[in-house]
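The structure appears below as structure tokens.
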Amino acid sequence: MKICLVGYGISNKKLVNELLKEGNEIFVSQDKEFLEEDKLFFKFNNIKFEEKHGDLLKNCDLAIMSPGINPQSLPAKIIFDNNIEYTTEIEYSWQKIKRLNREALFLGVTGTDGKSTTTSLLGHILKYNDPLTFVGGNLGTPLIEAPKDLKNYVLEVSSFQIFWSKNFFTDIATLINLAPDHLNWHKDLKDYYETKTRMLKRTLKAGGIIVVNEDTLKDISLEYFVNKNILTFSKNMYDGKYIRYLNKSVKIENESFEVDTLKEDLVAAIVTALNLGISERVIEEAVATFKPLNFRLQLIDQFDSIKFYNDSKATNVHSAYSAYKCFRNNSYVAILSGIPKNEDLSILIEELKIYAKLVIVYGEMEKEVKKYDINDKFVFKKNLEEVFLYLSEVCEPGDNVVFSPAGASFDLYKNYEERGKHFNFLVDEFKRGYYEKF
């Protein structure tokens, strides 16, 4: 079979060796220059490649799409115009494992915010209960790298992966929440929501179970399916000490979840685990040992009663708004940055105008914020270094510095991780300079 990898990101790179072992003829097509090491690998393995989408893509039997390929882009047009079959790494790998391991249980986690935390926590609980568990997908480790003989596969699934997959579903699918996001990629909000719902409907059609945030039911259409397979949850099930679900009660002893915006992630993971028959005791022990993900409203440091929170992973309005709401009753300095995603910032701007002590904006976000009716709390800087210089002038004991950007990182950084690491580095520098004043 002639298979073309469209885009050569992490997932497609990991897939190449598997495709070669199967004896396929491989093409690689992208619209930018390949690294020299990639070109050497292609030549050694007789893989044809093109640095502008064209004939190789047009003449393949199957296109495996990098999830970020926009449906309005040139390669998408070539695929649609030529009726080329397409799939994604996650779907290709899922089909392969399903053929070899019919007893495997697949769990998919999707939503607008909190996918990574929920997937990691759910995976941690399942691993605690049974070590034969893989955790990955959009979270970082592609499914193709998973052993084929495990019992459980816990996958974070993005709307991009769902869009480019035709048949992929999981035995249990969890929807954490829905809010506007990726509107620079999806046609509109309806398209974004319908794409997210597609995996849920496939799961229900196959006789699986979905676990859904009750707040999302108004935004998705599931009325044609059997209600017994639709389980709902709410962050209100968590009172800060216990999660109560039906006749079960799970005690939470992990300070990471004291911040309100993480409640949905926690409840979604635990309700899913409970419906797998995992005992409350096992869940409690697993949650107690769970370490939160980096850059997800993470408390980085505190000194002289000043706390620094890193939420670099908040790349959309809904995520940042949820984070800042947690600090309404505290003095806080908000930091916005990055590339907006064609979202309405009104709700976030109004939140900050009322409750923030100060709002510092840098990067591409400056142009977007200035389109709104803002007040004198908003201050604009060129970069994060300038932000911290300004913080040294305005921070006081009792303040919370909250870095929840609300935009993608690609204006100044390779990804949100690099942006988050830069923030952490500058917190350390700030701390040293702070104590040198005395």
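All of the numbers you see were taken from the coordinates with simple rules; none came from a lab. These figures come from a predicted structure and were not determined experimentally. Heads up, the Cβs are rebuilt from the backbone with ideal geometry, glycines too, and the neighbour counts pull from every protein chain shown.
Amide H contacts of Glu85 (H built 1.01 Å from N, in plane; Pro and chain starts excluded): Ala63 sit under 5 Å, all sequence-distant by 5 or more or on other chains.
The Glu386 and Leu189 beta-carbon pair, evaluated with R₀ = 45 Å, returns a calculated FRET efficiency of approximately 0.85.
In plain terms, the chain from Phe425 to Ser234 could stretch by 65.1 nm, reckoned as 0.36 nm per residue minus the Cα-Cα distance. When you filter the chymotrypsin sites (Phe, Trp or Tyr not before Pro) in region 334-400 for DSSP loop state and at most 16 other Cβ atoms inside 10 Å of their Cβ, you are left with Tyr372.
Note down the Stokes-Einstein diffusion coefficient of region 2-83 in µm²/s, whole number, using a Kirkwood radius over alpha carbon pairs, 20 °C, and 1.002 mPa s.
On the way: Rh = 12.7 Å.
Stokes-Einstein gives a translational diffusion coefficient of 169 µm²/s.
Basic side chains Lys and Arg get +1 at the Cβ, acidic Asp and Glu get -1 at the Cβ, and with that the dipole of region 99-211 about its Cα centre reaches some 380 debye.
Let me check against my output: what whole-number percent is the relative contact order of the chain, with C-alpha pairs under 8 Å and at least 6 apart? Intermediate results must be reported in sequence, preceding the final value.
Values: 822 pairs, mean separation 49.9, N = 438.
Contact order relative to length: 11 percent.
Grab the Cα-Cα distance for Asp376 and Lys77, subtract it from 0.36 nm times how many residues apart they are, and report the gain in nm with one decimal. Intermediate values should be presented prior to the final figure.
Working: separation 299, 0.36 × 299 = 107.64 nm, distance 4.65 nm.
Here the segment from Asp376 to Lys77 would lengthen by 103.0 nm.
Applying a 4.7 Å Cβ-Cβ cutoff to the chain leaves Cys326, Cys395 as cysteine residues with no disulfide-compatible partner. Taking one quarter of the surface of the C-alpha convex hull of the chain gives a mean projected area of 22.6 nm². Working from label points 7 Å from Cα in the Cα-to-Cβ sense, the Asp301 to Glu418 distance is 2.3 nm.
Multiply the residue separation of Glu25 and Asp149 by 0.36 nm, subtract the distance between their alpha-carbon atoms, and state the gained length in nm to one decimal. Don't jump to the answer; show the numbers that get you there.
Details: separation 124, 0.36 × 124 = 44.64 nm, distance 2.69 nm.
Full-extension gain reported as 41.9 nm.
Between region 267-303 and region 172-248, the alpha-carbon centres lie 20 Å apart.
State, as an integer percentage, the relative contact order of region 2-83 based on alpha-carbon contacts under 8 Å between residues 6 or more apart. Intermediate values should be presented prior to the final figure.
Details: 118 pairs, mean separation 31.1, N = 82.
This gives 38 percent for region 2-83.
Among Ser165, Ser346, rank each residue by its count of other Cβ atoms within 10 Å, from fewest to most, as a rough exposure measure. Mind dumping the intermediate values first?
On the way: Ser165 24, Ser346 11.
Listed from fewest to most nearby Cβ atoms, that is Ser346, Ser165.
Annotation for region 3-102: trypsin sites (Lys or Arg not before Pro) lying in DSSP loop with at most 16 further Cβ atoms inside 10 Å of their Cβ are Lys32, Lys52, Arg102. When the trypsin sites (Lys or Arg not before Pro) in region 104-188 are filtered for DSSP coil states and for at most 16 other beta-carbon atoms within 10 Å of their beta-carbon, the remaining sites are Lys148, Lys151, Lys166, Lys187.
Each 5 Å bin from zero up to the one holding the largest Cα-Cα distance in region 298-436 carries the following percent of pairs: 2, 10, 23, 26, 22, 12, 4, 1, 0.
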